[in-house]
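Novice: First the structure, which I've put down as structure tokens, then a few questions once you've had a look.
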Number of protein chains: 2
Amino acid sequence: MRNHVRRRGLFGLGALLAAPLAIAAASAPAKTMAPLKVVILLYPGTTMLDWVGPYELLHRVPGIDLVLAAKTRDFYRSDSGMVVYQANALIRDIDRTDVLLVPGGGMGVRDVSNDAEVMGWVRRVDATSRITASVCTGALILARAGLLRGRPATTHWALQNMLGDQGATYVDERWVVNDKYWTSAGVSAGLDMTLALIGHLLGEAEAMKAQLKIQYDPKPPFHAGSWSTAPAAIREAVGAPMPGRS
Amino acid sequence: MRNHVRRRGLFGLGALLAAPLAIAAASAPAKTMAPLKVVILLYPGTTMLDWVGPYELLHRVPGIDLVLAAKTRDFYRSDSGMVVYQANALIRDIDRTDVLLVPGGGMGVRDVSNDAEVMGWVRRVDATSRITASVCTGALILARAGLLRGRPATTHWALQNMLGDQGATYVDERWVVNDKYWTSAGVSAGLDMTLALIGHLLGEAEAMKAQLKIQYDPKPPFHAGSWSTAPAAIREAVGAPMPGRS
């Protein structure tokens, strides 16, 4: 299809816009190997950026077979209620993966953590993974599955005490690696962790190519992105980390 | 609904996860004013992060009325073909906005730029806006609508020469402001521009609160996110900026 479009649009965008995609498809994987299977678990009520950030990097990497999997192929709504999305695979059809990545969300985290079918699948597929990862409160799902017991891990700063309730130890880092468990901080941190993860699995060049493709050269105009750098008035306005049970 | 959930889940996540949302809803806008209407234009083939980044900040800001609008409420597929999404408003029902934000995409940019109904709407609603903004190749849609003629602007580095074809001047910055036209660089740059935009419209405190909520404290493990910082071998592997027509 793309090759038929050669500056035929009214202003010739076709071939130029298609080219970066064609380049991505044509690049060979760094090493000759079977594709790396990466499964992102979707469920109702996810925080969109938690999984769209990693997705936007991962789907551009040759040699990665990316799957968005959920219990059903129903249309789900994001935590805000605004965005409708749909998985493109069913978890019951997936019995192994190289990487499992679990995004966070609001109330959806509680609901999915109480869903025996999804949590059983998380435990089973984790037993096959090279890396099991989370973004934001996705760590609370992994913790609830019993996978982070006794481990250092991270999550959204506001929910840090919930990790302790499940036997993990909260670490205030952008992402934390402990054995095969990679956890990242709130919402936007999945971008940084995913770059590191691509570098770890496929080499730094693949990670850097993906970074350049999404022009991830962040320049936030303010420095309020973490609890430790945000001005006190901003922290007070947003609210302190929630207490844990204990 | 949320107030009924008080540590009733098996591990008490309910109230804690609901709390950040409740805080967001309870915070008063910085000033007493009508809500600021922000319309994100969706179309088939968008790059997900282009609009999910801005959305993830904007929907958390009290005093912003965020709308995801498209020509139809059909289910569209992202540029990768992987993600299915749906607008929650129709452009024909929107005759004004405070902010219009246009994300980029692959072939979808060409197609929407050739859609007279959508492009006519972009011009009409732009005539009512305080700010008209773009992320990534969304700038090419604004340029095609004739809105960037004679202006400095930015877009994805790979398509920078296309801006010149439409009478704009490419600037290699994270985002560029010229009169009411705000354009940002590729894919991930919408996060930075949106923070600046919230700060401009509602004050720095509102922007910083949104930044803290999504924990946007970026720490990319590599420095390959822009054409000027990426190693030469990475630039060569990804490919040079596309030539323009002229």
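The values are calculated or read from the model by the stated rules, or taken from the named source; none is laboratory data. Just so it is clear, the structure is predicted and the values come from calculations on it, not from any experiment. Quick reminder, even Gly has a Cβ in these numbers, built from the backbone with ideal geometry, and neighbours come from all protein chains shown. Quick note on the areas: whole protein, heavy atoms, side chains included, nothing else; ligands and nucleic acids left out. Shrake-Rupley method; radii C 1.70, N 1.55, O 1.52, S 1.80 Å.
Novice: Separation of the range A:117-163 and the range A:182-240 by C-alpha centroid, Å?
Specialist: The two parts, judged by their Cα centres, are 19 Å apart.
Novice: Okay, next question. For A:Leu66, enumerate residues with amide H under 5 Å from its amide H, sequence gap 5+ or separate chain, H modeled in the peptide plane.
Specialist: So A:Leu66 has HN proximity to A:Val38.
Novice: About its Cα centre, what dipole magnitude does chain A give when the only charges are +1 on Lys and Arg Cβ and -1 on Asp and Glu Cβ, stated in debye to the nearest 20?
Specialist: The calculation lands at about 660 debye.
Novice: Residue by residue through A:45-57, how many Cβ atoms from other chains fall within 10 Å of the Cβ on average?
Specialist: If you average over the peptide's residues, the count of other-chain Cβ atoms is 6.
Novice: Between A:His200 and B:Asp65, with labels modelled 7 Å along Cα→Cβ, what's the label distance in nm to one decimal, could you check?
Specialist: Computed distance between label sites A:His200 and B:Asp65 equals 4.6 nm.
Novice: Another question, then. Please say if the range A:119-233 is rounded, prolate or oblate, where rounded means a/c under 1.5 for a ≥ b ≥ c the square roots of the C-alpha gyration tensor eigenvalues, and otherwise the choice is prolate for a/b larger than b/c and oblate otherwise?
Specialist: oblate
Novice: If A:Arg245, B:Arg235, B:Arg60 are ordered by their accessible area, calculated over protein heavy atoms with a 1.4 Å probe, which sequence runs from highest to lowest?
Specialist: Correct descending sequence by accessible area is A:Arg245, B:Arg235, B:Arg60.
Novice: With springs connecting C-alpha atoms under 10 Å apart, model chain A as a Gaussian network and identify which of A:Tyr216, A:Tyr181, A:Tyr55 has the largest mean-square fluctuation.
Specialist: Between A:Tyr216, A:Tyr181, A:Tyr55, it is A:Tyr216 that shows the largest mean-square fluctuation.
Novice: Still on this structure, please answer the following. Take the Cβ-Cβ distance between A:Phe75 and A:Glu117 as r, set R0 to 25 Å, and report the resulting FRET efficiency rounded to the nearest 0.05.
Specialist: Between A:Phe75 and A:Glu117 the formula returns 0.85.
Novice: Quick one: with label points 7 Å out along Cα→Cβ, list the inter-copy distances for B:Thr229 in nm, shortest first?
Specialist: Shortest to longest, the spacings are 1.2 nm.
Novice: Among B:Pro218, B:Pro231, B:Pro62, which one shows the biggest mean-square fluctuation in a GNM of chain B, springs joining Cα atoms closer than 10 Å?
Specialist: Its mean-square fluctuation being the largest, the pick is B:Pro218.
Novice: In addition: At most 15 other Cβ atoms within 10 Å and a DSSP loop assignment: could you name the trypsin sites (Lys or Arg not before Pro) in the range B:92-145 that fit?
Specialist: Answer in residue order: B:Arg96, B:Arg130.
Novice: Please determine, in degrees from 0 to 90 and to the nearest 10, the orientation of helix B:116-126 with respect to the longest principal axis defined by the Cα atoms of chain B, where the helix direction is its Cα long axis.
Specialist: For helix B:116-126, the angle is close to 70 degrees.
Novice: Continuing with this model, one more query. Taking only DSSP H segments of four or more residues, each worth -39500 (n - 2.57), what value at 222 nm results for chain A once the sum is divided by all its residues, to the nearest 500 deg cm²/dmol?
Specialist: Value at 222 nm, helices only, nearest 500: -10500 deg cm²/dmol.
Novice: So how tilted is helix B:204-213 from the main axis of chain B? Cα-based, degrees 0 to 90, rounded to 10.
Specialist: Once rounded, the angle reads 80 degrees.
Novice: Another one. Tell me whether chain A comes out rounded, prolate or oblate; compute the Cα gyration tensor, take square roots of the eigenvalues as a ≥ b ≥ c, and use a/c under 1.5 as the rounded threshold.
Specialist: Prolate.
Novice: Follow-up question, since we're still on this one. Build a GNM of chain A with springs between Cα atoms under 10 Å: which of A:Glu56, A:Glu117, A:Glu206 gets the top mean-square fluctuation?
Specialist: Its mean-square fluctuation being the largest, the pick is A:Glu117.
Novice: Compute the label zone of A:Ala34 within the range A:126-145: residues whose backbone N is under 20 Å from the point 7 Å along Cα-to-Cβ.
Specialist: Taking a point 7 Å out along Cα→Cβ of A:Ala34, the residues of the range A:126-145 whose backbone N falls under 20 Å are A:126-133.
Novice: Just want the answer: with Cβ charges of +1 for Lys and Arg and -1 for Asp and Glu, which residue in B:Val125, B:Gln166, B:Gly146 is farthest toward the dipole's positive end in chain B?
Specialist: B:Val125
Novice: Distances in nm, one decimal, shortest first, from B:Arg149 to the same residue in every other copy, taking the label point 7 angstrom along Cα→Cβ.
Specialist: Nearest to farthest, the other copies are at 6.9 nm.
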